[in-house]
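To start, the structure itself, in structure tokens.
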Amino acid sequence: MAMNHHLHEKLIALTSERNVMVNEHLRNHTYTRLGGQADFYVTPETYEQVQQIIKLANQENIAFTMLGNGSNLIVKDGGIRGIVMNLQKLSAIKTDSNMIIAQSGARIIDVSREALKEELTGLEFACGIPGSVGGALYMNAGAYGGEIKDVLTSTLVVNREGELLTLTAEQLDLDYRTSNIPDRGYIVLEATFTLKAGDPKAIKEVMDDLTYKRESKQPLEYPSCGSVFKRPPGHFAGKLIQDSDLQGKQIGGAQVSLKHAGFIVNKDHATAKEYIELIQYVQKAVKEKFNVNLEREVRIIGEDSVK
Ligand SMILES: Cc1cc2nc3c(=O)[nH]c(=O)nc-3n(C[C@H](O)[C@H](O)[C@H](O)COP(=O)(O)OP(=O)(O)OC[C@H]3O[C@@H](n4cnc5c(N)ncnc54)[C@H](O)[C@@H]3O)c2cc1C
């Protein structure tokens, strides 16, 4: 992609040189370790910079994409045009009595650890979810019977016009692995979680138990995007895939995990194309065998490779 020098200079003027990378490989920023390059990869350090970048993208009519920890995304091999913004440099976490206020770039695992430290219960479920706070709100992330919806009380976001808005949790329409954040185009800056006082020993026991379950059942030794599919009503995706004899099925370097059928792992330098083909293969096979539609949980973004 030919570099847009005008945009490059404007982004540097807004956020400084250290926060603007050109043709950045997104495989370095995604859990699947695949995908092409971002034209501009920007890591603002203040809320104002976030607002300015959005306004700039609007003025210049440049595409704009948010990236969190990249743990629920497949970036296609052709990469992402325009600006990709990551809030990893906005990652403060603070506690105010029974509330934890976390910036969007904080890891939800770290927020869960902060809750333990502060002897607050309610976020144990999140102790192994590798996303950022922003990504966790976007997906209403959850595990082992808990979800963000149970603990989130309010959030600070920027809308696509670059304005700051404080919203209640209800205003995000959180539901099973969804929210209205994609439709509204909000950029999450901050989240307030309201928890209850708890016994630190009991909180730690739950977290240790969930960590054990995760480590024994999930193929954490390979790059992946976690569960590829949502739980279809009345079924478990992993069981349907297993009963379709798909475990071990490989397309190029992508493989249906032998350890957990609901995961597809990047076993050997897979391309996004191979990974996506394998997802579609699994969907088709499960549909044919059980007449169940597997809906993707993982998001696919970016462009196909022109090569
Ligand atoms: C090994 C493994 C285990 C996992 N286990 C679980 C689990 O138990 N439960 C679960 O729910 N998920 C799980 N996941 C999936 C993933 O961790 C969650 O969906 C997480 O919430 C994604 O957050 P992220 O920051 O990585 O988002 P990304 O993958 O970077 O992005 C996901 C979406 O969120 C958007 N987004 C990110 N940040 C913001 C922001 N600040 N503002 C607006 N939009 C934003 C992005 O544009 C994108 O569309 C797992 C993943 C892996 C790899």
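Observations on the model:
- Every condition in (1) under 16 Å from residue 187 (Cβ atoms); (2) in contact (Cβ under 8 Å) with a residue 60 or more places away in the chain; (3) within 16 Å of the ligand (Cβ to nearest atom); (4) open to solvent by 10 Å² or more (accessible area, probe 1.4 Å) holds for residue 55 except the one numbered (3).
- As a summary of the residue check, residue 161 satisfies the conditions (1) part of a helix (DSSP H, G or I); (2) open to solvent by 20 Å² or more (accessible area, probe 1.4 Å) except for the one numbered (1).
- Residue list for segment 175-229, filter: closer than 17 Å to residue 66 by Cα, exposed (fewer than 13 other Cβ atoms within 10 Å of the Cβ) and among the acidic types (Asp, Glu): 183
- Of the residues making up segment 19-52, those that are of a type in the set (Val, Ile, Thr) and open to solvent by less than 30 Å² (accessible area, probe 1.4 Å) are 20, 30, 32, 42, 43, 50.
- Screening residue 143 on (1) open to solvent by 30 Å² or more (accessible area, probe 1.4 Å); (2) touching a helix residue (DSSP H, G or I) at 6+ places or on another chain (Cβ under 9 Å) shows it passes everything except condition (1).
- Among residues of segment 279-301 being surrounded by 22 or more Cβ atoms within 10 Å (Cβ to Cβ) and farther than 16 Å from residue 73 by Cβ, the one that is farthest from the chain's Cα centre (by Cα) is 286.
- Residue check: residue 234 meets all listed conditions (1) closer than 24 Å to residue 174 by Cα; (2) open to solvent by 30 Å² or more (accessible area, probe 1.4 Å); (3) not in a loop (DSSP other than H, G, I, E, B) but one, namely (3).
- When segment 263-293 is limited to residues that are in contact with a Leu (Cβ under 7 Å, 6 or more places away or on another chain) and within 16 Å of the ligand (Cβ to nearest atom), the one that is nearest to residue 231 (Cα to Cα) turns out to be 264.
- Filtering segment 207-227 to residues that are closer than 21 Å to residue 35 by Cβ and either more than 10 Å from the ligand (Cβ to nearest atom) or free of Cβ contacts under 8 Å to residues at least 24 places away in the same chain (or both) leaves 220, 221.
- Filtering segment 58-75 to residues that are open to solvent by 50 Å² or more (accessible area, probe 1.4 Å) and either touching a residue at least 40 places away in the same chain (Cβ under 8 Å) or within 13 Å of the ligand (Cβ to nearest atom) (or both) leaves 58, 60, 63, 66.
The values are calculated or read from the model by the stated rules, or taken from the named source; none is laboratory data. For clarity, every value in this text was computed on a predicted model and none was experimentally measured. Neighbour counts are summed over all protein chains in view; Cβ atoms, including those assigned to glycine, are modelled from backbone coordinates with ideal geometry. Side chains included, ligands, DNA and RNA excluded: accessible areas come from the protein's heavy atoms. Shrake-Rupley method; radii C 1.70, N 1.55, O 1.52, S 1.80 Å.
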